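In what follows, a structure is listed as structure tokens, so that the remarks can point back to it.
The values are calculated or read from the model by the stated rules, or taken from the named source; none is laboratory data. As the structure is a prediction and not an experimental result, all values here were calculated from the model. Glycine also receives a Cβ, built like all others from the backbone with ideal geometry; neighbour counts cover every protein chain displayed. Just the protein is used for accessible areas: all its heavy atoms, side chains included, with ligands, DNA and RNA removed. Shrake-Rupley method; radii C 1.70, N 1.55, O 1.52, S 1.80 Å.
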Amino acid sequence: MLSRVHAAALRGVDALPVEVEVHVGPGEERIVVVGLPDAAVRESVERVSTALTSSGYRLPPGKTTINLAPADLRKEGPSFDLAIALAWLIANQQSNGEFSEDYTIIGELALTGEIRRVKGVLPIALMAKAQDRLGILVPDDNAAEAAVVDGLEVIAVKNLREAASFLSGTSLITPTLINTKAIFENQVDTEHDFNEVKGQETVKRALEIAAAGGHNLILIGPPGTGKSMLAQRLRSILPPLTLNEALETTRIHSVAGLLKPHQALVSQRPFRSPHHTASDAGLLGGSINPSPGEISLSHHGVMFLDELPEFRRGVLETMRQPLEEGHVTISRAAGTMTFPAEFMLIAAMNPTPDGKMPDESRSSPREIQNYLGRISGPLLDRIDLHVEVPPVNFRELDAETEGEPSKEIRKRVMEARGQQYRRWKGNPTCNARMQPKDIKKYCTMDKETRDLLRAAMEELTLSARAYDRILKVSRTIADLNGAESLKTEHVSEAIQYRTLDRQIWT
């Protein structure tokens, strides 16, 4: 007898429909899996057959053929176990499979028949809804993740018998429901707060500007000046994720297998901090079937690169395209895939190899030049704000008064983002993503301001890309001040953040 159920395969951060067909017939007693399966899928035969017998079902005699269609799509991972087992029961007439056409089925089987959680349930749920399926059968640990998709019946199952009974219509399971509003009520990072930072008011101002406009930023200063501490607190002043942003971010983390059991959404903006030994595949994504890298896992959040010059130059150069375009494209033998990568880059570095300022360093000029030269000019041009982080003096460290709390800074950031949202209608999402036509329209200046910018460009020999960055940062400063057009004070402050950088590099 022939049976068919519906499953799904992951390709990048998307899911593609897969039909699981099982035929049980006469012939030599053996089991064959076809349809371009990988090793984990071929091994599913042993898991499924043992789970069936452990659950009290009998294995049919004769030849069993399992086909995963379409045949030209590579199938990876253990997520087809449950679909294969249920199709096997239907083909062997141990289950009538009354609702087999209505549900997409996903889950890994343990040898006892229990159903284990799998990766990529959210994109599979989105695919099931797009195909007008009534619902989706998922492991109990993944149910909350799938339930964020409106209009889809999410059936959480714990073992094979429970799934077979539901699909046959002999038992009822209440669909899982999630209150997404309640999830978003607790998404502010309260663990890190700017009131714990002593001094560094200039750096705090730069971080506020970066958060308000979504700008990239580099912190340059000796060890112990608080660069990492400041960067870690940036997330506490960023605006909350919207539902669409949370769904996009969760989909990436789901495919990467980073969601916790029973976690529905990634409700806080990601903060990723890869080690400087990371490879280009670790940063961009890779493997035979490309998976998201650190850049994509930082989508709608922050990626912090500490000790920036310690990263291999080739790794850093691979970031140039994602920083400019907001996505990363990876080509492998399995095909070309595009992952979203719209993130804020926050980098930190010492000014010299021994960590001291150039006028205090024992390193030779050539050593300093080689150290700083590990970061290319084109990459540096893509970083909007370059900020010097000076040592904190004793008076500031010993002060009993706390600094301004993150919630107060966050209010100003959200007001500025609100102006940008009304201006852009969500596209682009922030000033840092402005296109040339947007810069021309919304970064208007009077003659005095234009002359100031021209003089700065000539004196500092800045590139055309740096010119655009200055205007974008100026637009954000103007938004924080509630100004419609760019004024001299806005542009001069934006230039200051490039001047510090040029003083150090030259």
*Put a dot 7 Å past each Cα toward the Cβ at Ala40 and Lys63; how far apart are the dots in nm?*
3.0
_Note, ³J(HN,Hα) from phi for region 428-436, Karplus 6.51, -1.76, 1.60, rounded to Hz, x at Gly and Pro_ = x, 7, 7, 4, 4, 9, 4, 9, x
*Compare the peptides 229-235, 151-157 by average per-residue count of other Cβ atoms within 10 angstrom and give them in order, highest first.*
229-235, 151-157
*Under the definition of Cα pairs under 8 Å and six or more residues apart, what whole-number percent is the relative contact order of region 340-489?*
24
*Apply 1/(1 + (r/R0)^6) to the Cβ-Cβ distance of Leu16 and Ser463, taking R0 = 45 Å, and write down the FRET efficiency to the nearest 0.05.*
0.60
_For Cα pairs less than 8 Å apart in space and 6+ apart in sequence, what is the mean separation divided by the residue count of region 1-112, i.e. the relative contact order in percent?_
37
_Within-10-Å neighbourhood charge of Arg4 [Cβ basis; K, R +1; D, E -1]_ = -3
*How high is the FRET efficiency from Ala278 to Leu73, r the C-beta distance, R0 35 Å, rounded to 0.05?*
0.70
_Distance cut-off 23 Å, Cα to Cα: go down the list Lys441/Lys472; Lys129/Lys181; Lys204/Lys411 and report the pairs above it._
none
*asked:* On C-alpha positions alone, give me the angle between the axis of helix 447-460 and the longest principal axis of the chain, in degrees, nearest 10.
replied: 80
*In a solvent-free Debye calculation with one equal scatterer on each Cα, what is log10 I(q)/I(0) for the chain at q = 0.10, 0.11 Å⁻¹, listed in the order of the q values?*
-0.83, -0.93
_Rounded to the nearest 10 Å², what accessible area does Thr65 have for a 1.4 Å probe in the complete protein model?_
40
*Name the residues whose placed amide hydrogens come within less than 5 Å of the amide hydrogen of Ser291, ignoring near sequence neighbours (fewer than 5 apart) on the same chain.*
Gly286
*asked:* For the chain, what does the helix formula give at 222 nm: sum of -39500 (n - 2.57) over DSSP H segments with n ≥ 4, over the residue count, nearest 500 deg cm²/dmol?
replied: -11000 deg cm²/dmol
_Built amide H within the under 5 Å cut-off of Met434, gap 5+_ = none
_Accessible-area composition of region 149-211, carbon plus sulfur, in percent [1.4 Å probe]_ = 47
*Of the beta bridges DSSP finds with both residues in the chain, what % are antiparallel, to the nearest 5?*
50
*Mind giving me the nanometre distance, one decimal, between the label points for Ser165 and Ser485, set 7 Å out from Cα along Cα→Cβ?*
7.4
*the chain, relative contact order in percent, only Cα pairs under 8 angstrom and at least six apart counted*: 13
*asked:* With every protein chain kept in place and ligands, DNA and RNA left out, what is the accessible area per residue of the chain? Probe 1.4 Å, answer in Å².
replied: 44
*Averaged over every viewing direction, what's the projected area of the C-alpha convex hull for region 106-164? Give it in nm², one decimal, please.*
3.6
*Placed amide H near Glu153: partners under 5 Å, 5+ positions off or other chain*: Gly135, Ile136
*asked:* Report the gain in length on full extension from Arg362 to Ala110: 0.36 nm times residue separation, minus Cα-Cα distance, nm rounded to one decimal.
replied: 84.6 nm
*Sort 208-216, 465-473, 142-150 for me by packing, meaning the mean count of neighbouring Cβ atoms within 10 Å per residue, highest on top.*
208-216, 142-150, 465-473
*Length gain on complete extension for the stretch Asp438 to Glu404, per 0.36 nm per residue less the alpha carbon to alpha carbon distance?*
8.9 nm
*Tilt of helix 243-255 relative to the longest C-alpha principal axis of the chain, in degrees (0 to 90, nearest 10)?*
60
_P(r) of region 269-373 over all Cα-Cα pairs, binned every 5 Å from zero, in whole percent_ = 3, 13, 20, 21, 15, 11, 8, 6, 3, 1, 0
*Measure nothing fancy, just the Cα-based angle from helix 81-91's long axis to the longest principal axis of the chain, in degrees from 0 to 90, nearest 10.*
20
*asked:* Modelling each spin label as a point 7 Å along the Cα-to-Cβ direction, I'd like the Leu258/Asp132 distance in nm, to one decimal.
replied: 3.7
*Using per-residue counts of other Cβ atoms within 10 Å, averaged over each peptide, order 124-136, 363-375, 339-351 from highest down.*
339-351, 124-136, 363-375
*Can you work out the PRE-style zone for Arg422? Point 7 Å along Cα to Cβ, and I want the residues of region 481-495 with backbone N under 16 Å.*
481-485
*Report the normalised scattering of region 195-266 as log10 I(q)/I(0) at q = 0.15, 0.21 Å⁻¹, calculated by the Debye formula with identical scatterers on the alpha carbons.*
-0.67, -0.93
